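In what follows, a structure is listed as structure tokens, so that the remarks can point back to it.
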């Protein structure tokens, strides 16, 4: 898509749509670091990719978004590995069945998918500011329509617990963050956008009950299809002017009223700075 080689970070890039993003990036000649929790799985993915593309520039970085100390260490590794970092794909995510809280007390889905990524980006933004044109792509979801954001949900998640609503809230946080970050970076050379990959057949749904998983599998699209919009936002010349937008199948899409509420954004960003700031 592009004739300029980029240095790209993909979180959660060792499987699913993240891996499909990586495949597309290396096929286009870009250097990619995969940051994911399971380092052995990441190395196996890289070995497989190099069988097909021996000259691929690939790096494996251990990243556990649930652990801020580990996030800090991973960020330093990213910056030393990709000194000209200009593209960040905030993609890592998972659906969990039942309430799980991290050591810091956050519900695990929003704790990793939003707060962990927020922490990571605090380290990476100075590097992105040095790029002639940088891009940040956030994996959100149509599930954000089922989500709600307020401080009570961060501090006392059991009071409002629902598996899907919690997942939706995490994806709403991803979308609200993308827009808030875009607003902060208005006038800079950093473009920030979010997208919905579609219902993708990946391991993210492995904790759904068996009958539900069987039904979901029947209507899901492939990871390659799910990654298409993200790759387009990251690389395409005709996507370079987009900023602070939400896309489905390469087209701007409607979002919930809460996702566009300035008060919701202000509350989320204040909580993020307090909980996950550096």
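The values are calculated or read from the model by the stated rules, or taken from the named source; none is laboratory data. Just so it is clear, the structure is predicted and the values come from calculations on it, not from any experiment. Neighbour counts run over all protein chains shown; Cβ positions are idealised from the backbone, glycine included.
Each row is one residue, and each column tells you yes or no for (1) modelled with pLDDT of 95 or more; (2) surrounded by fewer than 19 Cβ atoms within 10 Å (Cβ to Cβ); (3) over 22 Å from residue 139 (Cα atoms).
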{"site": "84", "(1), (2), (3)": "yes, yes, yes"}
{"site": "106", "(1), (2), (3)": "no, no, no"}
{"site": "113", "(1), (2), (3)": "yes, no, no"}
{"site": "118", "(1), (2), (3)": "yes, no, no"}
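Condition check ((1) buried (at least 16 other Cβ atoms within 10 Å of the Cβ); (2) within 30 Å of residue 225 (Cβ to Cβ); (3) modelled with pLDDT of 95 or more) across all residues:
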site	(1), (2), (3)
52	no, yes, no
63	yes, yes, yes
67	yes, no, yes
78	yes, yes, yes
88	yes, yes, yes
103	no, no, no
126	no, no, yes
134	yes, yes, yes
150	no, no, no
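Look through 58, 99, 90, 63 and report the one residue that is in contact (Cβ under 8 Å) with a residue 24 or more places away in the chain and more than 25 Å from residue 141 (Cα to Cα).
Being in contact (Cβ under 8 Å) with a residue 24 or more places away in the chain and more than 25 Å from residue 141 (Cα to Cα) holds for just one of 58, 99, 90, 63, which is 58.
Would you list the strands (runs of 3 or more DSSP E) that sit entirely within region 1-104 and hold 1 or more residues that are touching a strand residue (DSSP E or B) at 6+ places or on another chain (Cβ under 8 Å) and under 22 Å from residue 195 (Cβ atoms)?
Those strands (runs of 3 or more DSSP E) span 7-11, 31-36, 87-90.
Among the residues of region 257-276, is any assigned to a loop (DSSP other than H, G, I, E, B) and at pLDDT below 95?
No, there is no match, as no residue in region 257-276 is assigned to a loop (DSSP other than H, G, I, E, B) and at pLDDT below 95.
So residue 28 passes all but one of these: (1) closer than 17 Å to residue 230 by Cβ; (2) at pLDDT below 95; (3) over 14 Å from the mean Cα position of the chain (by Cα). Which condition number does it fail?
Failed condition: (2).
For residues that are over 15 Å from the mean Cα position of the chain (by Cα) and modelled with pLDDT of 90 or more, scanning just region 183-217, find the one that is surrounded by the fewest Cβ atoms within 10 Å (Cβ to Cβ).
Here the residue is 187.
Can you spot a residue in region 24-40 that is closer than 30 Å to residue 151 by Cα and touching a helix residue (DSSP H, G or I) at 6+ places or on another chain (Cβ under 7 Å)?
Filtering region 24-40 down to residues closer than 30 Å to residue 151 by Cα leaves 35-37.
Pick out the ones that are also touching a helix residue (DSSP H, G or I) at 6+ places or on another chain (Cβ under 7 Å) and you get 35-36.
Yes, that holds for at least one residue.
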